[in-house]
Amino acid sequence: MLIGTVRRLDCAGSAGLLIMRGLRYTEGEAPEGLHGAGAGMQLDINEIQKFLPHRYPFLLIDKVVEMERFKRIVAIKSVSINEAFFQGHFPGKPVMPGVLILESMAQAGGLLLLQEIPDRDHKLLYLATMNDVKFRRPVVPGDQLRVEVDILMWKGDRCKIQGKALVDGNVAAEATLFCLMVDREKALNSGTSNAGK
């Protein structure tokens, strides 16, 4: 698929759906302004929340500006002084925690992957490992974090992604992440204790 084209998604038992700019359209009914090359595949915060289980204050991507199925996603996080983590990290010198930058990469990658899973409402993606993690510059209030994620490998319930977070074209952080898809119900029940049984 080329970025900028309206793509039919074939779903078992349904009329083909088209996804473009975060809205679903019946095939052949793309709205005015989305016809032709150059219209990038985009999702707004409302569409993102249809795919990711995260919510405030832990939803760390605000919109998707590019997406190529099975390959790549580019998401934006607008960093505001109103973020809850800035209250304690650090008073008088607010810096976005590096682990949350990594989480934004994982969420962007998760969004790309979950779009391809028919029963995504019954799945969770767990971050399993992080390799080659590098932090290059601090991310502060007022920055716009551009999160670029490429799928390196996806087999069954395992996925390896390469993430990069940039501010004004400069790399703020980069990492290789390994994710594992699990059944939501099993994941929720695995936290219960069987002690004494």
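Condition test on V147, is it within 27 Å of Q87 (Cα to Cα), in the same structural domain as L114 (by TED's automatic domain parsing), part of a strand (DSSP E or B) and out of contact with any Asp or Glu (no Cβ under 9 Å at 6 or more places or on another chain)?
yes
May I ask you to verify whether V133 is surrounded by 11 or more Cβ atoms within 10 Å (Cβ to Cβ), in contact (Cβ under 8 Å) with a residue 24 or more places away in the chain and either assigned to a loop (DSSP other than H, G, I, E, B) or in contact with a Leu (Cβ under 8 Å, 6 or more places away or on another chain) (or both)?
yes
Residues that are modelled with pLDDT of 50 or more: find the strands (runs of 3 or more DSSP E) completely inside the range 1-109 holding 3 or more of those.
In the range 1-109, the matching strands (runs of 3 or more DSSP E) lie at 63-68, 72-78.
Kindly indicate whether any position in the range 110-119 is in a strand (DSSP E or B) and out of contact with any Phe, Trp or Tyr (no Cβ under 9 Å at 6 or more places or on another chain).
no
Give the residues of the range 80-105 that are in contact (Cβ under 8 Å) with a residue 40 or more places away in the chain and surrounded by fewer than 23 Cβ atoms within 10 Å (Cβ to Cβ), sorted by residue number.
Of everything in the range 80-105, those that are in contact (Cβ under 8 Å) with a residue 40 or more places away in the chain and surrounded by fewer than 23 Cβ atoms within 10 Å (Cβ to Cβ) turn out to be S80, I81, E83, F86, P94, V95, G98, L100, L102, E103.
Within the range 108-128, identify whether any single residue is under 26 Å from G142 (Cα atoms), over 10 Å from the mean Cα position of the chain (by Cα) and free of Cβ contacts under 8 Å to residues at least 60 places away in the same chain, and answer yes or no.
Checked against the condition, which is being under 26 Å from G142 (Cα atoms), over 10 Å from the mean Cα position of the chain (by Cα) and free of Cβ contacts under 8 Å to residues at least 60 places away in the same chain, the range 108-128 yields no hits at all.
The values are calculated or read from the model by the stated rules, or taken from the named source; none is laboratory data. Since the structure is predicted, the reported quantities are computational estimates derived from the model, not experimental observations. Methodologically, a virtual Cβ is constructed for each residue, glycine included, from the backbone with ideal geometry; neighbour enumeration extends over all protein chains shown.
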